[in-house]
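Report on the structure given below.
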Amino acid sequence: MVKLSNEGKTVVSLPAQNLNPLFMNRKKVAVIGIGQFGEAIAKNLTRKGAEVLAIDNDAKKIDRISEDVSYAVVLDATDKKALLSQNITDFDAVVVAIGGKFEQRLLCASLLLDLKVKRVITRYQGKSQKMILEKLGLTELWAPEDEVGAIVAERLLNPTVMSYLQLPDNYRIVEMLTPRGAVGKSILEINLRDNYRLSLITIKEECSAINNGIACTEYHVTGVPDSSYIIKATDRLVLFGTNNDIDRFIQVNE
């Protein structure tokens, strides 16, 4: 990995594999602010094959992530010259994940807009921050605390729901544990579409696996199951429908 100092000097050589032509078309993403949120984004982007630049003004955070991203640099992201020194305008997207003072996040995002960065994705906390960022002209805004809070609330109210994607107009895609009333029945017998106005996208089946020498359980997508498939207690159903129809399916079959 490449690690940079405050002056932007290379102190570790670039891995030879990054010179391979296969890597030339990778997405280039900069993540500014390497707290828990920023670190998770940077690492996941790297796992998905992106070329990631991690930026923070805390040297300890940069040391911690330097082996997990393509580049890591200590600098003040509210300094226009410092951002330009990293060729920030060449990146496909920049994520402003600064979690401390809102003023720093606001100034950083404003500078990126002034520099005409292709895509700026910014973290916000609360409606006031969101309103200010929107007035600045930012359209891609994330509130990780709100998203986590919504998921935790959902899991508390519906323990069978493992994850979900909320869609417009009160629709959602949900991954859920199989309700007791559906166990041992075929997809045809349950008749989700006519009885509950739901669509079954797929089923995730439980599988045994070995991870680092330790036995564990994984769930794998079965594709599009046919109507004769018998639903097992260990299956997870991935459904599409309105919030109310999904809730009704859970209540009827619990």
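A short reminder: the numbers here are calculations on the coordinates, not readings from a lab. Small disclaimer: the values here were computed from a predicted structure and weren't measured. Heads up, the Cβs are rebuilt from the backbone with ideal geometry, glycines too, and the neighbour counts pull from every protein chain shown.
Brief remarks follow.
- If you go through segment 41-60 and pick out every residue that is more than 15 Å from Ala30 (Cβ to Cβ) and outside any loop (DSSP other than H, G, I, E, B), you end up with 3.
- Residues satisfying the stated conditions in segment 120-137, i.e. in contact (Cβ under 8 Å) with a residue 12 or more places away in the chain and either part of a helix (DSSP H, G or I) or under 19 Å from the mean Cα position of the chain (by Cα) (or both): Val120, Ile121, Thr122, Arg123, Tyr124, Gln125, Gln129, Lys130, Ile132, Leu133, Leu136
- Val117 being in a strand (DSSP E or B), on the phi < 0 side of the Ramachandran plot and in contact (Cβ under 8 Å) with a residue 24 or more places away in the chain: no
- All conditions in (1) over 17 Å from Val183 (Cα atoms); (2) in contact with a Ser or Thr (Cβ under 9 Å, 6 or more places away or on another chain) hold for Val238, with the sole exception of (1).
- Of all residues in segment 215-226, those that are free of Cβ contacts under 8 Å to residues at least 40 places away in the same chain have Cβ atoms under 7 Å from Cβ atoms of residues that are loosely packed, with under 10 Cβ neighbours inside 10 Å, 6 or more apart or on another chain, in Ala215/Ser208; Thr217/Ser208.
- Residues of segment 233-254 that turn out to be outside any helix (DSSP H, G or I) and either surrounded by 14 or more Cβ atoms within 10 Å (Cβ to Cβ) or among the hydrophobic types (A, V, I, L, M, F, W, C) (or both), as a count: 10
- Exactly one residue out of Leu198, Leu188, Leu192 is without any contact (Cβ under 8 Å) to a residue 60 or more places away in the chain, more than 30 Å from Thr122 (Cβ to Cβ) and in contact with an Asp or Glu (Cβ under 6 Å, 6 or more places away or on another chain), and it is Leu198.
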